[in-house]
1. Sort through Leu166, Leu158, Leu162 and tell me the only one that's farther than 25 Å from Ile72 by Cβ, in a loop (DSSP other than H, G, I, E, B) and at pLDDT 95 or above.
2. Take the residues in segment 94-129 that are more than 9 Å from ligand 1 (Cβ to nearest atom) and outside any helix (DSSP H, G or I); name whichever of them is nearest to Pro63 (Cα to Cα).
3. Of all residues in segment 130-151 being under 14 Å from Lys177 (Cβ atoms) and in a loop (DSSP other than H, G, I, E, B), which is nearest to ligand 2 (Cβ to nearest atom)?
4. Limited to segment 58-115, what total is found for residues that are on the phi > 0 side of the Ramachandran plot and either of a type in the set (Gly, Ala, Ser) or within 14 Å of ligand 2 (Cβ to nearest atom) (or both)?
5. Which one of Ile26, Ile91 is aliphatic (A, V, I, L, M) and at pLDDT 95 or above?
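The values are calculated or read from the model by the stated rules, or taken from the named source; none is laboratory data. Keep in mind that this is a model prediction, so the values were computed, not measured. With ideal geometry, Cβ positions are generated from the backbone for all residues, glycine too; neighbour counts draw on all protein chains shown.
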Amino acid sequence: MSESEKPSQIGKNRSDESQPLILPGIHRYQFFTNLKDRGWTLNLDRVALFGIVSALLATTVKPLLRGNPATIYCYECRACYATQDRCPVGISLQAELVVAGRALDYDRFIRNGGLKCVRCGNCQSFCVQYLPLPRMFEIMQQETRQAILAGIVPQESLIQGLQQGLIGKEFIDDVVKAIS
Ligand code: SF4
Ligand code: SF4
């Protein structure tokens with residue numbers, strides 16, 4: 001191990017003279033990019049970056065694999081809330097349904113009335129991205145139905161959904177079967 005690589009020297013070299021000089025100040029930059037000069041604690045920024053990139057990939061890859069990629073494009077701007085009483089079943093937070101579809105969050109989807117959406121498309125014209133909201137909601141409805149039948153959705157969510165009239169007639173039988 002050379003003198004510059006000893007643990008006691010880690011983080012003390014402010015430049016790497018062995019690197020070619022391409023730009024003024026490049027040695028300082030190379031210090032930050034040269035792993036051999038940095039102890040693992042000095043690489044926390046890289047660990048954090050890795051975590052952020054992994055979370056980002058999980059957020060985007062999951063909807064892609066599940067066939068609901070349009071959910072990735074939602075800005076969460078909430079412009080679709082302008083649908084208001086044009087939604088025939090009184091859903092007021094369409095963006096919540098989109099986010100629930102992206103994250104595969106069944107409880108959030110049910111709580112916000114996802115299972116009573118009749119996919120009329122009235123909210124689509126309010127979306128700044130003109131996302132295919134009815135199709136996105138339909139995909140999540142089918143995924144939620146499968147999860148209900150598989151017993152994955154918590155019973156409390158289903159009971160609360162029934163009590164609050166949040167379950168559309170297409171799904172009533174499956175929900176009743178799941179809680180009985
Ligand atoms: S598509 Fe669903 S959420 Fe949108 S207006 Fe129609 S019923 Fe409401
Ligand atoms: S208007 Fe469109 S992009 Fe904005 S929150 Fe609603 S669905 Fe997402």
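1. Working: Leu158 fails: in a loop (DSSP other than H, G, I, E, B); Leu162 fails: in a loop (DSSP other than H, G, I, E, B).
The match here is Leu166.
2. Within segment 94-129, the match that is nearest to Pro63 (Cα to Cα) is Leu104.
3. Ala150
4. Taking segment 58-115 first, the residues on the phi > 0 side of the Ramachandran plot are 67, 76, 78, 84, 90, 104, 113.
Imposing the further condition that a residue be either of a type in the set (Gly, Ala, Ser) or within 14 Å of ligand 2 (Cβ to nearest atom) (or both) reduces the set to 67, 76, 78, 84, 90, 113.
Number of matching residues: 6.
5. Details: Ile26 fails: at pLDDT 95 or above.
Matching residue, one of Ile26, Ile91: Ile91.
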